[in-house]
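Presented below is the structure to which this report refers.
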Amino acid sequence: RGPRKGWRVITQAIAFVLDALFHLFILAALLRFWMQAFRASARNPIAQFTMALTDFAVKPLRRILPGLLNLDWASLVVAFVFEFILQILLVLVSGLSLTPQLLSVLLFLAFVKLIRLSIYIFMGAIIIQAVLSWVNPHHPVAPFFHALTRPFLRPFQRAVPPIGGVDITPVLVLIALQLVLMLPVGWLEQETARMIQRAVL
């Protein structure tokens, strides 16, 4: 039991490191995609870091996959491919064998994970935007976060006026996004987990 438990701890540590490193890059690629989709300015340290981290994968792919409808599809594809590779590595680390059926499930799982990560990006941007609006609304990165959050906040702001001069729409949007994570995204992840169990049996 001792060696088996020790090996389980090692595999969990390897999985944790893989997950952390890959998702740092995947989040950067996703952020790069949403930056262009929402026309966020790249003249800030966050955007510059994002592009510097992902240029090696995104720029070559743009020669094959140019932008369409003013969207940076290369960044999205890079995020998807790396998420798919991560899921494959996590399966291999866990000791399972890859089968065509399992690979197809992992493809779908990678798609679901990108939805979750995108929602995390927007939730983080809304929190930062709300804090900046209180402490330093003229901070150099404020326009960047404003561009990312405007498509989500504006519909709520039209429907819900400020209460006592306080804009509560960021809280409402965060609640809505959390519900999306809990209900449709959570259901998709549960269904994918069942599909993985059937694929490995």
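Could you tell me whether any residue of the range 83-92 is within 30 Å of residue 138 (Cα to Cα), within 17 Å of the chain's Cα centre (by Cα), in a helix (DSSP H, G or I) and not aromatic (Phe, Trp, Tyr)?
Kept after step one, since they are within 30 Å of residue 138 (Cα to Cα), are these residues of the range 83-92: none.
The answer is no, given that none of the residues of the range 83-92 is within 30 Å of residue 138 (Cα to Cα), within 17 Å of the chain's Cα centre (by Cα), in a helix (DSSP H, G or I) and not aromatic (Phe, Trp, Tyr).
Just checking, does the range 61-68 include any residue being within 26 Å of residue 105 (Cα to Cα) and outside any loop (DSSP other than H, G, I, E, B)?
Filtering the range 61-68 for residues within 26 Å of residue 105 (Cα to Cα) gives 61, 65.
So of that shortlist, the ones also outside any loop (DSSP other than H, G, I, E, B) come out as 61.
Yes, some residue in the range 61-68 is within 26 Å of residue 105 (Cα to Cα) and outside any loop (DSSP other than H, G, I, E, B).
Among the residues that make up the range 80-91, is at least one of them touching a residue at least 40 places away in the same chain (Cβ under 8 Å), buried (at least 20 other Cβ atoms within 10 Å of the Cβ), touching a Leu at 6+ places or on another chain (Cβ under 7 Å) and not charged (D, E, K, R)?
Yes: one or more hits.
Enumerate the pairs (first residue in the range 23-50 and over 13 Å from residue 75 (Cα atoms); second residue anywhere and hydroxyl-bearing (Ser, Thr, Tyr) and open to solvent by 10 Å² or more (accessible area, probe 1.4 Å)) with beta-carbon separation below 6 Å, excluding pairs fewer than 6 apart on the same chain, so at least 6 apart or on different chains.
Filtered contacts from the range 23-50: no entries.
Checking the structure you have, find out if any residue of the range 141-150 is touching a residue at least 60 places away in the same chain (Cβ under 8 Å), within 30 Å of residue 90 (Cβ to Cβ) and not charged (D, E, K, R).
Yes, the range 141-150 contains a residue that is touching a residue at least 60 places away in the same chain (Cβ under 8 Å), within 30 Å of residue 90 (Cβ to Cβ) and not charged (D, E, K, R).
The values are calculated or read from the model by the stated rules, or taken from the named source; none is laboratory data. Owing to the predicted nature of the structure, the values given are computational and were not obtained by experimental measurement. Heads up, the Cβs are rebuilt from the backbone with ideal geometry, glycines too, and the neighbour counts pull from every protein chain shown. Ligands, DNA and RNA are excluded from the accessible area calculation, which covers all protein heavy atoms including side chains. Shrake-Rupley method; radii C 1.70, N 1.55, O 1.52, S 1.80 Å.
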